[in-house]
Protein chains: 2
Amino acid sequence: MQNRQIVLKAHPQGAPTPDDFGLSTCEVPTPGEGQMLVRNLFFSLEAAIRGWLDGKANYFEPIPLGGAIRGPSVAKVLTSHLPGFEAGDLIFGLHHWEDYSLSDANTILLSKLTPEADIPLSYYAGGLGGSGHTAYVGLHEIGKIQAGDTVLISAAAGATGSMATQIAKLRGCKVVGIVGGDNKCQLVTKTLGADAAINYKTCENLTDAIHEACPEGVDVYFDNVGGKTLDAALNCMNTFGRIIGCGMIGDYNDQDNPTPLFNMWKLVEKELTLRGFLLYTYMDKVPAASTQLHHWVRSGELTVLENITEGLDNAGLAYSEMMRGATVGKNLVAMDLRDDESIS
Amino acid sequence: MQNRQIVLKAHPQGAPTPDDFGLSTCEVPTPGEGQMLVRNLFFSLEAAIRGWLDGKANYFEPIPLGGAIRGPSVAKVLTSHLPGFEAGDLIFGLHHWEDYSLSDANTILLSKLTPEADIPLSYYAGGLGGSGHTAYVGLHEIGKIQAGDTVLISAAAGATGSMATQIAKLRGCKVVGIVGGDNKCQLVTKTLGADAAINYKTCENLTDAIHEACPEGVDVYFDNVGGKTLDAALNCMNTFGRIIGCGMIGDYNDQDNPTPLFNMWKLVEKELTLRGFLLYTYMDKVPAASTQLHHWVRSGELTVLENITEGLDNAGLAYSEMMRGATVGKNLVAMDLRDDESIS
């Protein structure tokens, strides 16, 4: 049986393009002792993947030219020689962009999913998966949000930002989103319920725009982008403000030339705390987050924004669109299943 | 009776020079209701003062041209109309560079000193005052140092750095100091007991030099300078490392052109915490710090490095020397007292 893989054809120069990705086929592997063969169903497209495409060590090994792209997926177990898992189980884990993967106890982020019948399975790859958990844990554990806080969120229309915007509102905060486009401003205020939105591409001066939207100052800044946005936010923080260092996507496309930051002095002057975090350090906080997020989704208070691209062949294109900021919400690739395969 | 004052003659261009300061005389003021007249004895020269010389709002009001320089001093109360204080008391507070000052309940940092008979009074303006307390509180409250941690300290031969270096050693940490000069390297390792010292001015690459001195990585970085040193330290931090944002003196001489930082991504990748702090937020921690520091000074385990300049006339020169990095330890100006005046 053939296994299609999306492989790295060229190291992207700046933002990736569909030409940086290629299609390769190989035999479906046979699971050995302690391994499972899984059928990938949904791939979660994540900014972090960009860091693995440059051929340099990041916090994971780089992906070699010709190697399959690594990415987290929701998958169904076909054959299991791994205790605790059996055929038919649905799992989440860091696999490769391919039809079928091997998974074992060392698979990063491996967890068994127990999807609720009334919830779309794709949510578990995003809003009720890593993106939602990251937003929830970041706001609570790192940002220590309290009702009444003013919370500034960058990439507020993105996978994590769209969840963070809604969660902060549900917690009684004032929320201002920063986005790159007027349509995204509309989305953030009208659909996600933010109190205000700033289009960083068209505002004259981002610091002034934040001051105007937050005359009372910013208590918590959920930073998904770093760079100039972080620099501007530093100017607007209240004393003892908290900055959640979630991502710095602004620099992912050109890691050799990160955007310089000039306002770090504010950290001392305003006694700010800037703390970076990665979700997998806070896995003990995920069950409670998941319960609360499910509750809000069911009650209709929380909207999971998804942008689903159909078909493995289109993964490179979908990823390129996301990394040039053309999309909103959680970007997923839904695998094209054969006639004899099914999600459930 | 005449009161001499050191006033701001010109906004410094870059590092201050003695010509930026002038001498002015006025009448000694008469204390009104709720005020005291105090005789300044020792001025603590502090990097933060530089921020008030540019004519722009910093975290305090700027000093106007012709205005007296503001600075903390140890002083003796001559006349008091302020409840709780009486003639003969020794106090600490933010006054002006002048012979005699008015002080009241709103005087910033105002506290009554109860100097121990066996301790030089000047220590209360530095090592057993703000510098020592800042080092102690920063390491414990912000850096959360533990025995066995590797602690990196910039400006390690300075007022705060020299105390932090010794305190971290006394707490069982490995300590590496960064300084600007080979003589300072000697001082930091031989006199202060650091495990290693790096001369940032002569090392080829600061990141490499830190890696070499700390092959196990850095757990806590006590940042007194910001800029390129902070950028290099970011490269060398261990996961969950803590960065104590105490000062960013590297930029104080040219605040309109702060040194850009490029390695902020490390905050996310390594899940670092960078927290700025100002001592006056942690005044509840000062009594315990003071007790411990006194104990170590008496036992001879802690050396208070002082660089005392005699005479108010020389304050501008002394400050200029400090701000070009020419000095070590705590810089103080000892006031030239009249024959009928005494310290005690």
Connecting C-alpha atoms closer than 10 Å in a GNM of chain A, tell me which of A:11, A:96, A:133 has the biggest fluctuation.
A:11
Quick one: dipole size for chain B, taken about the Cα centre, charges +1 on Lys/Arg Cβ and -1 on Asp/Glu Cβ, in debye to the nearest 20.
640 debye
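What's the longest uninterrupted piece of chain B once you rule out the GluC sites (Glu not before Pro) that are loop residues per DSSP with at most 14 other Cβ within 10 Å?
Details: sites that count: B:33, B:86, B:116, B:204, B:216, B:301, B:341.
It works out to B:117-203.
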Restricting to aspartates and glutamates and to Cα separations under 13 Å from residue B:174, and discarding same-chain partners fewer than 8 apart, the set is B:149, B:195, B:216, B:219
Please check which bits of the stretch A:308-344 a label hung off residue A:87 would reach, taking the label as a point 7 Å along Cα-to-C-beta and the cut-off as backbone N under 19 Å.
A:338-344
Could you pull the copy-to-copy label distances for residue A:112, with points set 7 Å along Cα to Cβ, in nm to one decimal and sorted shortest first?
6.9
3J(HN,Hα) from dihedral phi, the stretch B:80-96, Karplus parametrisation 6.51/-1.76/1.60, rounded to Hz, x for glycine, proline
10, 10, 10, x, x, 10, 9, 3, x, 5, 9, 9, 10, x, 7, 10, 10
Taking residue A:56 in one copy and the same position in all the others, each labelled 7 Å out along Cα→Cβ, what are the pairwise distances from the first, in nm, shortest first?
3.1
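Using the count of nearby Cβ atoms within 10 Å as a rough guide to exposure, how do B:259, B:30, A:165, A:273 rank from fewest to most? Don't skip to the answer; put the middle values down first.
On the way: B:259 20, B:30 9, A:165 32, A:273 23.
Starting with the residue having the fewest Cβ neighbours, the order is B:30, B:259, A:273, A:165.
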Return the whole-Å distance between the Cα centroid of the stretch B:99-172 and the Cα centroid of the stretch A:167-207.
44 Å
Would you mind checking the tilt of helix A:159-170 against the longest principal axis of the Cα atoms of chain A, expressed as 0 to 90 degrees and rounded to 10?
50 degrees
Based on the Cβ-Cβ distance from residue A:56 to residue B:183, what FRET efficiency comes out when R0 is 30 Å, to the nearest 0.05?
0.15
Selection from B:290, B:106, A:281, by position along the positive dipole direction of the protein assembly as shown (Cβ):
B:290
Given a Förster radius of 45 Å and the C-beta distance between residue B:303 and residue A:108 as r, what FRET efficiency does 1/(1 + (r/R0)^6) yield to the nearest 0.05?
0.35
Integer Hz, Karplus 6.51/-1.76/1.60 couplings in order for the stretch B:139-150, x for Gly and Pro:
5, 7, 7, 9, x, 6, 5, 10, 3, x, 5, 9
State the residue of chain B whose Cβ is nearest the axis carrying B onto A, and the distance in whole angstrom.
B:260, 1
Which of the lysines could be linked to residue A:169 by a straight reach, that is with a Cα gap under 16 Å, when you skip same-chain ones fewer than 8 residues away?
A:144, A:190
Quick note on A:24, A:122, A:162, ordering by fewest other C-beta atoms within 10 Å, gives A:24, A:122, A:162
So the label point goes 7 Å from the Cα of residue A:191 along Cα→C-beta, right? Which residues of the stretch A:136-159 then have their backbone N under 13 Å from it?
A:156-159
With +1 on each Lys and Arg Cβ and -1 on each Asp and Glu Cβ, how big is the dipole of the stretch B:144-259 about its Cα centre, in debye rounded to the nearest 20?
480 debye
With springs only between Cα atoms under 10 Å apart, run a GNM on chain A and tell me which of A:152, A:278, A:187 wobbles the most.
A:278
Translational diffusion coefficient of chain B at 10 °C, 1.306 mPa s, Stokes-Einstein with Kirkwood Rh over Cα pairs, in µm²/s as a whole number.
77 µm²/s
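For residue B:201 and residue A:324, what does the FRET efficiency come to when R0 = 45 Å and r is the distance between their Cβ atoms, rounded to the nearest 0.05?
0.55
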Pseudo-label separations to other copies for residue A:78 - Cα-to-Cβ vector, 7 Å, nm:
9.3
Note: the stretch B:1-108 at 20 °C, 1.002 mPa s; Kirkwood Rh on alpha carbon pairs; Stokes-Einstein D in µm²/s works out to 149 µm²/s
Return the subset of A:9/A:56; A:201/A:330; A:201/A:228; A:112/B:270 for which the Cα-Cα distance in this structure is over 18 Å, preserving the input order.
A:201/A:330; A:112/B:270
Determine the principal axes of the Cα atoms in the protein assembly as shown, then give the extent along each, sorted from largest to smallest and rounded to whole angstroms.
104, 51, 40
In chain A, taking the dipole from +1 charges on Lys and Arg beta carbons and -1 charges on Asp and Glu beta carbons about the Cα centre, the listed residue (A:202, A:60, A:239) farthest towards the positive end is A:239
Ranked B:223, B:54, criterion: other C-beta atoms within 10 Å, fewest first:
B:54, B:223
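How high is the relative contact order of chain B, in percent, counting Cα pairs under 8 Å that sit 6 or more residues apart? List each step's numbers first, then the result.
Values: 769 pairs, mean separation 60.7, N = 344.
The normalised contact order for chain B reaches 18 percent.
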With +1 on each Lys and Arg Cβ and -1 on each Asp and Glu Cβ, and nothing else charged, work out how big the dipole of the protein assembly as shown is about its Cα centre, in Debye to the nearest 20.
480 debye
Please build a GNM for chain B, connecting alpha carbons under 10 Å apart, and tell me which residue among B:213, B:288, B:196 fluctuates the most.
B:288
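Taken together, the values in this text are just the output of simple stated rules run on the coordinates, not laboratory data. Source: prediction; values computed, not measured. Neighbour counts are summed over all protein chains in view; Cβ atoms, including those assigned to glycine, are modelled from backbone coordinates with ideal geometry.
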